[in-house]
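Laboratory data are not the source of any read-out in this text; all were calculated from the coordinates shown. If you're wondering where the values come from, they're calculated on a predicted model, not measured in any experiment. Heads up, the Cβs are rebuilt from the backbone with ideal geometry, glycines too, and the neighbour counts pull from every protein chain shown.
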Amino acid sequence: MNDPTSLHQVSNQQFQRAAELIDLKAPYRAILSEPEKEVIVNFPVILDSGEIRLFRGYRIQHNNLLGPYKGGFRFHPDVDLDEVKALAAWMTFKCSLVGLPYGGAKGGVTVDPREYSDSEIERLVRRFTHQLGDTIGPTVDIPAPDVGTNAQMMDWIMDTYANVSGPGGRQQLKGVVTGKSIECGGSVGREAATGQGVLYALRHWCGETGQRLKGLRISVQGFGNVGSHFARLAAHEGCIVVAVGDQSATFADENGLDIPALFDHARQNRALAGFDKANRIETEDLFAIPVDAFVPAALENQITKERAIDMECHVVIEAANGPTTAAGEEVLTSKGIEIIPDILANAGGVVVSYFEWLQNQSGRSWRVDDVGTRLREIIWDANDKVVAMKAQLRCSHRDAAYAVSLLRLSDVYDRRGIFP
């Protein structure tokens, strides 16, 4: 059901469309169309059985004009060069859009972490970190969790990096990675940050359109870290979450699902399958349920042309990266369905990662209220800029978001120049 074009081609098409609207200079378009560095490593890991297995990992550094490269590590069997190049580009535009002093990067390993023991995953993470060497660093390139990775893995990355970097300044090296556990230098509010940012984007859309957040009917596709926290927060604000699904199961209830119970079940079982307090439906039926807002929070290329034809909603809030194919977007637009793009909707995670990095740099911890207030200010300001740009250019939310991002990048290129 996927579009025939590659994900990297899709990411290029998106930014080039906005580049046309603002008449971005041709050299800047060329620079931003490809990553600055592509690092591919093949590394061995000793399994519990004694077998030695070879894994392939990636770190794509798209652009560091605005600051150190920033982007997650993804552990998934579908990780490949094309996917990671697209994800790295989206990080560049996302960080620029919300005003962070970061560039864009992404990385990962082609692996299904569910097939390996905790000890095997630890060895894999540490070996991958060692193999990357000085490709990453607190002022060079700062990874974070993504699909298939978590705070524990970030702790292992930090520890490995600190131990191979020598004894000097190890405490200052905590900032090599964000999304760590609180005990190892992480930030309060980081785990729920992306889902919280998605809710802020939805709340802003409600303000734009005169809708009430309370009582809004929502479907959520994907119930990992982002989808589950968004659903929990939305339900707490009075939204009616009528359907949720992940790769293991999909549930629906027109009167609203018991999100706290689903959240606890998914935490304990790492999947929705086995939940017995809601009606199970087919995956495809999730896309056809009439709702006010549909929130894709899984992987890319989920809203295809075929699925978009069946969708009945007012807005799509892209909690995932690249969830809507080009053909799917064309159908949604023709039906008058607004799309709040990924580089805006899911920016909450990298914003609080920035807060964590600042805390590591200063050696001070912020209170949860401070994190929440500053997150809301940044996400709200970015949404305001996008709405203003949309009105100015008379374009979509996605094109307006890219235009805001590209204008900032263009201004910095103009001021700094191209050396030598």
Problem - Computed E for T283/V164 - FRET, C-beta separation, R0 45 angstrom, nearest 0.05 - result: 0.55
Handout entry: Highest-MSF residue in the chain out of V79, V316, V41 [GNM, Cα springs under 10 Å]
Key = V41
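Of all beta bridges DSSP finds with both residues in the chain, what is the antiparallel percent, to the nearest 5?
On the way: 23 of 45 bridges.
Percent antiparallel among DSSP bridges in the chain is about 50.
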Problem - Residue among T92, T178, T283 with the largest mean-square fluctuation in a Gaussian network model of the chain, springs linking Cα atoms under 10 Å - result: T283
Handout entry: Ranked packing of 203-210, 228-235, most packed first, by mean Cβ within 10 Å
Key = 228-235, 203-210
Handout entry: Estimated inter-spin distance, A30 and D381, nm [label 7 Å along Cα→Cβ]
Key = 3.4
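Take K37, K277 and order them by how many other Cβ atoms sit within 10 Å, fewest up front.
Listed from fewest to most nearby Cβ atoms, that is K277, K37.
Students often check this: by mean Cβ neighbours within 10 Å, which of 21-34, 332-345, 402-415, 97-110 ranks highest, and how do the rest follow? The partial results should precede the final answer.
Numbers: 21-34: 14.6, 332-345: 21.1, 402-415: 18.7, 97-110: 24.5.
Going from most to least packed, we get 97-110, 332-345, 402-415, 21-34.
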Fill in the blank from the handout: Heads up, the stretch 33-175 by the C-alpha gyration tensor (a ≥ b ≥ c square roots of eigenvalues; a/c under 1.5 rounded, else a/b over b/c prolate, else oblate) looks oblate
Exercise for the section: Just subtract the alpha-carbon distance of D118 and R367 from 0.36 nm times their residue separation and send over the number in nm, one decimal. Expected result: 86.5 nm
Exercise for the section: Considering Cα pairs under 8 angstrom that are at least six residues apart, work out the relative contact order of the chain and quote it in whole percent. Expected result: 17
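Compute the signed sum of charges (Lys and Arg +1, Asp and Glu -1) over the other residues within less than 12 Å, Cβ to Cβ, of C206. The partial results should precede the final answer.
Numbers: positive: R203, R212, K214; negative: E208, E237, D292, E338.
Here the charged neighbours net out to -1.
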Exercise for the section: Report the calculated FRET efficiency for R270 and L393 (r = Cβ-Cβ distance, R0 = 51 Å), to the nearest 0.05. Expected result: 0.75
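What value, in deg cm²/dmol to 500, does the helix sum -39500 (n - 2.57) over DSSP H runs of n ≥ 4 give at 222 nm once divided by the residues of the chain? Please report the intermediate quantities before stating the final value.
Numbers: 15 runs with 193 residues, N = 420.
That calculation yields -14500 deg cm²/dmol at 222 nm.
Any chance you could run the full-extension gain for H130 through F419? It's 0.36 nm times the residue separation minus the Cα-Cα distance, nm to one decimal. Could the numbers behind the result be given before it?
Details: separation 289, 0.36 × 289 = 104.04 nm, distance 3.14 nm.
Between H130 and F419, full extension yields an extra 100.9 nm.
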Handout entry: Estimated inter-spin distance, R212 and I52, nm [label 7 Å along Cα→Cβ]
Key = 6.6
